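**Q** Sharing a structure with you now.
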Ligand SMILES: [Zn+2]
């Protein structure tokens, strides 16, 4: 998502990472530092490969655990409940969920998606969010290697996935995710900036400026929509979400995300209208935030390439 020049040289590119996982290391000659390839180099390379594979597995397992915590956030934050207390319980019978039944993914499989006490069905959202978080974190590792950028993008994916699910379920984008998300994006932009303290501070300031611009863009569209239709189109949550995306990813990626999300929501809306011909369809609200989040997750991995491709059309 950051500019191409900021990408670390060592590590895996996405394609070679997927193909080469556990079999070959693309940068073997870079790591060994000379062209004469000895047995010692081969031994070191297989050690590096083994450690790399372990790191990937660790990213996946950590993703499952954080995905499990994300499920708690998704269920509780829109209702302004604490994510720490009380302990998780079955929403149907209220029985507390024991530690052995709270293992990410495994417990869902062992219990076959049902509560141990009352047999009520557990939402498929729980395993889906856990698997999606794990998959995105492994993708971050494959795309960015073990780096500050990978850690930052993993945090961003965590926030986006949670906001996408909350908007889809409740049409709410809680401030508890968007506002710290903006702050983290400003800090990340400063941290990723080459140079010394003053340069980093300037980068962080620029990132905050783009967040303000993104908010202004949504507020302007909201106002225009209100003038034409006399009702609210985009919510304030959408404004804060796009501000968060702009703080992390800069203006070009934020515009790409906004464009993709509006196109995606429009296509979804046409299908939805065709399926629902009854009353009240004019009042139906669209989870635009979910589309913004999905487009932003795409931009984390392919945003720069897409922007470069688009700008290349005019050269
Ligand atoms: Zn139950």
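**Q** Over 24 Å apart: what share of the alpha carbon pairs of the chain falls there, rounded to a whole percent?
**A** 61
**Q** Separate question: Taking the highest mean first, how do the peptides 145-152, 160-167, 109-116 order by number of other beta carbon atoms within 10 angstrom per residue?
**A** Highest-to-lowest ranking by the protection proxy: 160-167, 145-152, 109-116.
**Q** For the range 104-244, just list the percent of Cα-Cα distances falling in each 10 Å bin from zero outward, please.
**A** Going out from 0 Å in 10 Å bins, the range 104-244 shows 11, 27, 31, 20, 10, 2 percent.
**Q** So if I take the centroid of the Cα atoms in the range 184-249 and the same for the range 64-122, what is the distance between those two points in Å?
**A** 34
**Q** What Kirkwood hydrodynamic radius, in Å, does the range 47-132 give when the mean of 1/r is taken over all pairs of distinct Cα atoms and then inverted?
**A** By the Kirkwood definition, the hydrodynamic radius is 14.1 Å.
**Q** For a quick protection proxy, order the peptides 122-129, 100-107, 81-88, 40-47 by their average other-Cβ count within 10 Å, most packed first.
**A** Descending mean neighbour count gives 122-129, 100-107, 40-47, 81-88.
**Q** Please report the equivalent ellipsoid semi-axes of the range 92-170, computed as sqrt(5 x eigenvalue) of the Cα gyration tensor, largest first, in whole Å.
**A** 30, 15, 10
**Q** Among 215, 38, which comes first, second and so on when ranked by fewest other beta-carbon atoms within 10 Å?
**A** Fewest to most other Cβ atoms nearby, the residues stand as 38, 215.
**Q** When a footprinting reagent is the concern and you count Cβ atoms within 10 Å, what order do 69, 158 take, fewest first?
**A** Lowest to highest Cβ neighbour count: 69, 158.
**Q** Based on the alpha carbons, how large is the Rg to Rh ratio for the range 219-315 when Rh follows Kirkwood?
**A** A ratio of 1.03.
**Q** Here's something else I'd like to know. With contacts defined as alpha carbon pairs under 8 Å and 6 or more residues apart, what's the relative contact order of the chain in percent?
**A** The value is 19 percent.
**Q** Let me ask another. Looking at the range 148-315 from every direction and averaging, what is the projected area of its Cα convex hull in nm²?
**A** About 11.3 nm², averaged over all directions.
**Q** Once you keep just the Cα pairs under 8 angstrom separated by 6 or more residues, what percentage relative contact order results for the range 122-280?
**A** RCO, the range 122-280: 19 percent.
**Q** When only Cα pairs under 8 Å and 6 or more residues apart are kept, what is the percent relative contact order across the range 42-105?
**A** Normalised by residue count, the contact order of the range 42-105 is 25 percent.
Taken together, the values in this text are just the output of simple stated rules run on the coordinates, not laboratory data. Because the structure is a prediction, the values reported are computed rather than measured. With ideal geometry, Cβ positions are generated from the backbone for all residues, glycine too; neighbour counts draw on all protein chains shown.
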